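This report refers to the structure that appears directly beneath it.
The values are calculated or read from the model by the stated rules, or taken from the named source; none is laboratory data. Predicted, not measured: the structure shown is a model, and the values here were computed from it. Positions of Cβ are generated from backbone atoms using ideal geometry, with glycine treated the same way; all protein chains shown enter the neighbour counts. We work out accessible area using only protein heavy atoms, side chains counted, and drop any ligands, DNA or RNA first. Shrake-Rupley method; radii C 1.70, N 1.55, O 1.52, S 1.80 Å.
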Amino acid sequence: MLIGHVGADPQVKYLDQGVCVAQVRLATTERGYTLQNGTQVPERTEWHNCIFWRKQAEVVERYVHKGDRLYVEGKIQSRDWTDRQGISRKAIDIVVENMEMLSAKSAEPAAQPAAQPVQPTAPAAMKPEENNGEYPF
């Protein structure tokens, strides 16, 4: 479970058969504090790569923007690959199972319905372990 701010507009791709997948960079910040002995512990920000699938990815594409505050629940998934230069890479993603938008609703045209939390599952044919651990980003 994470609560954070979106660092950039989502990256969205449509795969074969119209399956939507979205990637969002989410920043979580731990506030700084002072220990009893006077030592200052600085604020620390972590960046998380969040992956959304299908209907939930479509909601992200339509309603989530840079700076928005999100609550996400999901599972941690790591992936390894070799890039085009032959360098081994590793990434850790949050495959989102549930999301809630915490930012105030922006001005939307009246004809558009409000977004509701969506809980889709990743499609079996599109799981990253069957695609050399890589998402299409």
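A compact table of results
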quantity	calculated
Failed criterion for Tyr135 (all others in (1) modelled with pLDDT of 90 or more; (2) under 20 Å from Trp47 (Cβ atoms); (3) open to solvent by less than 80 Å² (accessible area, probe 1.4 Å) hold)	(1)
Qualifying residues in segment 88-107 (those that are in contact (Cβ under 8 Å) with a residue 24 or more places away in the chain and outside any strand (DSSP E or B)) - the one farthest from Val24 (Cα to Cα)	Ser106
Residues satisfying the stated conditions in segment 1-30, i.e. part of a loop (DSSP other than H, G, I, E, B) and closer than 17 Å to Gly67 by Cβ	Gly7, Ala8, Asp9, Pro10
Test: residue in segment 78-87 that is outside any loop (DSSP other than H, G, I, E, B), surrounded by fewer than 18 Cβ atoms within 10 Å (Cβ to Cβ), out of contact with any Lys or Arg (no Cβ under 9 Å at 6 or more places or on another chain) and modelled with pLDDT of 95 or more	no
Conditions (1) part of a loop (DSSP other than H, G, I, E, B); (2) hydrophobic (A, V, I, L, M, F, W, C); (3) surrounded by 16 or more Cβ atoms within 10 Å (Cβ to Cβ): number failed by Phe52	(1)
Output for segment 38-55, where each listed residue is more than 9 Å from Val24 (Cα to Cα) and in contact (Cβ under 8 Å) with a residue 12 or more places away in the chain	Glu43, Arg44, Thr45, Glu46, Trp47, Trp53, Arg54, Lys55
Residue, surrounded by the fewest Cβ atoms within 10 Å (Cβ to Cβ), within segment 58-74, restricted to residues that are in contact with a Pro (Cβ under 8 Å, 6 or more places away or on another chain) and not in a loop (DSSP other than H, G, I, E, B)	Glu61
Contacts under 6 angstrom Cβ, first residue in segment 56-80 being in contact (Cβ under 8 Å) with a residue 60 or more places away in the chain, partner part of a strand (DSSP E or B) and open to solvent by 30 Å² or more (accessible area, probe 1.4 Å), 6 or more apart	Arg69/His5; Tyr71/Ile3; Tyr71/Glu100; Val72/Leu2; Glu73/Glu97
